[in-house]
Amino acid sequence: MRPVVRGSVPLVAGVAKTVSDYKDWRLDLLGRIGNYCSYCNMVLNDSPQVEHVSPKAPNPGLTLTWDNMLLACGPCNRTKDDDPFDIATHYIPDYHNTHLAFSFKVVDHPTKRNQKACIIIPRNDPAVDPAKAQATIDRCGLDATTYNVRATDLRWKYRYEALVTAQLWRSDWDKWGSGIGAPFVDLLLTAATGKGFFSIWFDVFHDVRDIKIALIHEFENTHAPSFDPGSDFDPIVRVVGDL
Ligand SMILES: [Zn+2]
């Protein structure tokens, strides 16, 4: 899960923007953090939903607050719903280093034969509280493998397809791309941003410093300090004492 920076309240003619409908933040959020779900990191295409980090029903005072807004896909937004979601009990992409908190795993789909699924799991790292990571996964359904003929939650499938694509690019990088350098990286960035799932690409290229730097900069407003230039841009704790 990509750590992001929403930034300060957008200005209109030099004055902090106010809204009467939270959906009026949509274009501002798209401009700041790109057209990706803030939780599963899937490309949102034509249906980006403005999502309240702290749910609006139990927190009416936060219904219109810029600092409480992110973008989400339908499945993440629906699953998260109005259930409690808090920095004390969950890892949140505009506060924690959520790339460090989570990893992924490929599994055989439990009901669909010959189909792989890629699901999110807590990252095995001493800085990560596995219970808190799992609570976040549960709250957003990031390990869901829903499959039926009417299923609209296909995050597991798109995530797997992104992984396969990233691994193909990695194979090409190792075979000949690294000899080409920057032009290859430019093409790779086009593929990565078009496919989404920042953390998949970042982990597949976990030992290629130049591509990690390029991914951090190409995905809009990724929280760059969450990656340590002193250790080849490996993820580091964003909130001391709390990952
Ligand atoms: Zn999502």
Going through the range 164-215 in order, the residues found to be crowded, with 19+ Cβ neighbours inside 10 Å and β-branched (Val, Ile, Thr) are Val185, Ile200, Val204, Val208, Ile211
With (1) more than 24 Å from Arg6 (Cβ to Cβ); (2) outside any helix (DSSP H, G or I); (3) open to solvent by less than 60 Å² (accessible area, probe 1.4 Å); (4) modelled with pLDDT of 95 or more as the list, and Ala151 as the residue in question, which single condition is left unmet? (4)
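Out of all the residues in the range 102-109, is one or more open to solvent by 10 Å² or more (accessible area, probe 1.4 Å), outside any loop (DSSP other than H, G, I, E, B) and among the polar types (S, T, N, Q)? I'd like the intermediate steps shown before the answer.
Residues of the range 102-109 that are open to solvent by 10 Å² or more (accessible area, probe 1.4 Å), as a first pass: 103-109.
Then drop every residue that is not outside any loop (DSSP other than H, G, I, E, B), which leaves 103-108.
With the extra rule that they be among the polar types (S, T, N, Q), the set shrinks to 103.
Scanning the range 102-109, I find at least one residue that is open to solvent by 10 Å² or more (accessible area, probe 1.4 Å), outside any loop (DSSP other than H, G, I, E, B) and among the polar types (S, T, N, Q), so the answer is yes.
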Which of the residues that make up the range 79-111 are over 25 Å from Ala127 (Cα atoms) and in contact (Cβ under 8 Å) with a residue 40 or more places away in the chain? Thr79, Asp83, His109
Could you tell me which of the residues Pro93, Pro3, Pro10 is touching a helix residue (DSSP H, G or I) at 6+ places or on another chain (Cβ under 7 Å), within 16 Å of Gly196 (Cα to Cα) and open to solvent by less than 60 Å² (accessible area, probe 1.4 Å)? Pro3
Given the conditions (1) more than 14 Å from the chain's Cα centre (by Cα); (2) within 10 Å of the ligand (Cβ to nearest atom), report the number of the one that Met42 does not fulfil. (1)
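So which residues in the range 15-39 are among the aromatic types (Phe, Trp, Tyr) and within 16 Å of the ligand (Cβ to nearest atom), if there are any at all? Explain how you work it out, then say what you get.
Quick first cut of the range 15-39, residues among the aromatic types (Phe, Trp, Tyr) only: 22, 25, 36, 39.
Hits for the range 15-39 are Tyr36, Tyr39.
The values are calculated or read from the model by the stated rules, or taken from the named source; none is laboratory data. Since we're looking at a predicted model, the values are computed, not measured. With ideal geometry, Cβ positions are generated from the backbone for all residues, glycine too; neighbour counts draw on all protein chains shown. For accessibility, only protein heavy atoms count, side chains too; no ligands or nucleic acids. Shrake-Rupley method; radii C 1.70, N 1.55, O 1.52, S 1.80 Å.
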